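Down below is the structure, laid out as structure tokens.
The values are calculated or read from the model by the stated rules, or taken from the named source; none is laboratory data. Remember, it's a predicted structure, so these values are computed and weren't measured experimentally. Note: ideal-geometry Cβ built from the backbone for every residue, glycine included; neighbour counts use all protein chains shown.
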Amino acid sequence: MRTPDRDAEDYDEEYRDDEDRDTLTDVPGGVRLQKVLAEAGIGSRRHCEELIGAGRVEVDGQTVRRFGARVDPEHQVIKVDGKRIPAKPGLVYLAFNKPPKVLTAMSDDRGRQTVTDYLGDRSERLFHIGRLDYDTEGLMLLTNDGELAHRLAHPSFEVAKTYLAEVTGPVPKDLGRSLQTGIELDDGVAAADRFRVIDRSGNRTLVEITLHEGRKHIVRRMLAAAGHPVSRLVRTDVGPIRLGNLKPGVSRDLTTREIGELYAAVGL
Ligand code: URA
């Protein structure tokens, strides 16, 4: 009976006969594929072996059916069901609910509270992906995966972001159309992908707006230019990641599935 946590070397003997099941070249000194999958959070080694056996695992574009294949998790692209997995050891991906009056920075020489103040003692050097204004709340992603951070922040990969905004005044019926057509700002036109009114009460309206734009203060500037200044702004989604019911000031690890979806959103 196989035990899930036995040493990887034990596999050599047992999986010799598997060699003709795919054409992937073993990486000398590499790590057993099922170990890489298990350590990336896919499941127990037994479950990972089942995925491999079912032909659901790819390494650098090739389906691998051998349990014993040795791979390089630092450099090879490993996918399960077509979604890349975070195989590199030591990578961290966090969703953080930024409270208002917190600076999007890892430190501040003026002594203001920053994101770092909420992350506890972490040894990794994390980057925040994009920025939220000092007063804006909500979802912020943090990682030490430089390539992912770079792509998510780069205009050519600009992923959609969704915000809830509390604005002044009852809003006219055609506000959504104006925002989606494009609003003239000092630095050029900005357009929303989607817009809807969530709630109206007295002289305040709660709206949801989705856009690909990354320009500074973009939501506040668009809504102010349309005649509806923002009194509160919360980011609820970044690409496939949702804020959900994460409490202000709290962070959580992204799931392996969420990380795979982020990779896919930026073509990794
Ligand atoms: N748009 C804004 O106006 N502020 C933010 O923090 C993010 C988007």
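Quick one: would you say residue 207 is hydrophobic (A, V, I, L, M, F, W, C), assigned by TED's automatic domain parsing to the domain that holds residue 103, surrounded by 14 or more Cβ atoms within 10 Å (Cβ to Cβ) and over 29 Å from residue 142 (Cα atoms)? Spelling it out, it is not the case that residue 207 is hydrophobic (A, V, I, L, M, F, W, C), assigned by TED's automatic domain parsing to the domain that holds residue 103, surrounded by 14 or more Cβ atoms within 10 Å (Cβ to Cβ) and over 29 Å from residue 142 (Cα atoms). On the basis of being within 30 Å of residue 118 (Cα to Cα) and not β-branched (Val, Ile, Thr), does residue 224 make the cut? No. Figure legend. Inter-residue proximity from the range 117-140: first residues closer than 23 Å to residue 266 by Cα, second residues more than 9 Å from the ligand (Cβ to nearest atom) and hydroxyl-bearing (Ser, Thr, Tyr), beta-carbon distance below 7 Å, spacing 6+ or different chains. Indicated pairs: 126/143; 127/143; 129/143; 138/236; 139/236. Would you call residue 159 within 15 Å of the ligand (Cβ to nearest atom), assigned to a strand (DSSP E or B), surrounded by 19 or more Cβ atoms within 10 Å (Cβ to Cβ) and among the β-branched types (Val, Ile, Thr)? Spelling it out, it is not the case that residue 159 is within 15 Å of the ligand (Cβ to nearest atom), assigned to a strand (DSSP E or B), surrounded by 19 or more Cβ atoms within 10 Å (Cβ to Cβ) and among the β-branched types (Val, Ile, Thr). Comparison of 38, 87 shows that the only residue that is without any contact (Cβ under 8 Å) to a residue 60 or more places away in the chain, in contact with a helix residue (DSSP H, G or I) (Cβ under 6 Å, 6 or more places away or on another chain), closer than 23 Å to residue 257 by Cβ and in a loop (DSSP other than H, G, I, E, B) is 87. As a summary of the residue check, residue 164 satisfies the conditions (1) in a loop (DSSP other than H, G, I, E, B); (2) aliphatic (A, V, I, L, M); (3) within 16 Å of the ligand (Cβ to nearest atom) except for the one numbered (1). Exactly one residue out of 117, 133, 145, 109 is buried (at least 20 other Cβ atoms within 10 Å of the Cβ) and among the acidic types (Asp, Glu): that is 145. Applying the criterion of at least 2 residues that are within 23 Å of residue 166 (Cβ to Cβ), within 16 Å of the ligand (Cβ to nearest atom) and modelled with pLDDT of 95 or more to the strands (runs of 3 or more DSSP E) found wholly in the range 92-148 leaves 93-98, 137-143.
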